[in-house]
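Asks: So that we are looking at the same thing, I have put the structure below in structure tokens.
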Amino acid sequence: MTLNALRSKWFWYSLLCVVCWGGWTIFAKLGSSQIPPEGSQFLSACGASPVALVLLASRRFKLEKNLRGIFYSVANGVLSAIGSWALFAAYRTGGNTSVITAGTAM
């Protein structure tokens, strides 16, 4: 790794992403053993709401106006939610968490 990478914003954002997704995977597995995937997905969305509100507030509640960008972002959210629900369901089957996580990450 070069010194330039350590000075780059992308590196630190990527590191934060890895740490958060690692924690997300652990909590997703733990939660899926306690409640069904539908409940996990609903509560996951509830957990994302405060983050979304903080990010919106940091922009002084200025909404985006680019329709193509809005469409892509909403489609991303829908596909992400369906994928998360499927992952919660896969964890609930009792399969090997490492294999399920690696398989779905591909």
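Every number here is computed from the coordinates shown, using simple stated rules; none is lab data. Worth saying up front: this structure is predicted, and the values here are computed from it rather than measured. Cβ sites come from the backbone with ideal geometry, for glycine too, and all protein chains shown count toward neighbours.
Asks: What's the magnitude of the charge dipole for the range 3-105 around its Cα centre, counting Lys and Arg as +1 and Asp and Glu as -1 at the beta-carbon? Answer in Debye, nearest 20. Before the final figure, lay out the partial values.
Replies: Details: 9 positive and 2 negative charges, 99 e Å.
Its charge dipole is roughly 480 debye.
Asks: Something else now. Send over the per residue convex hull volume for the chain, Cα only, as a whole number of Å³.
Replies: Roughly 139 Å³ of hull volume per residue.
Asks: In deg cm²/dmol, rounded to 500, what helix-only [θ] at 222 nm does the chain give when every DSSP H run of at least 4 residues adds -39500 (n - 2.57) and the total is split over its residues?
Replies: Numbers: 5 runs with 86 residues, N = 106.
Using -39500 (n - 2.57) per qualifying helix, the result is -27500 deg cm²/dmol.
Asks: Taking the Cα centre of the chain as the origin and placing charges on Cβ (Lys, Arg +1; Asp, Glu -1), which of Ile70, Ala102, Gly22 is farthest toward the positive end of the dipole?
Replies: Result: Ile70, furthest along the dipole toward the positive end.
Asks: Please give the Cα centre distance for the range 32-57 versus the range 76-106, rounded to the nearest Å.
Replies: So the two Cα centres are separated by 15 Å.
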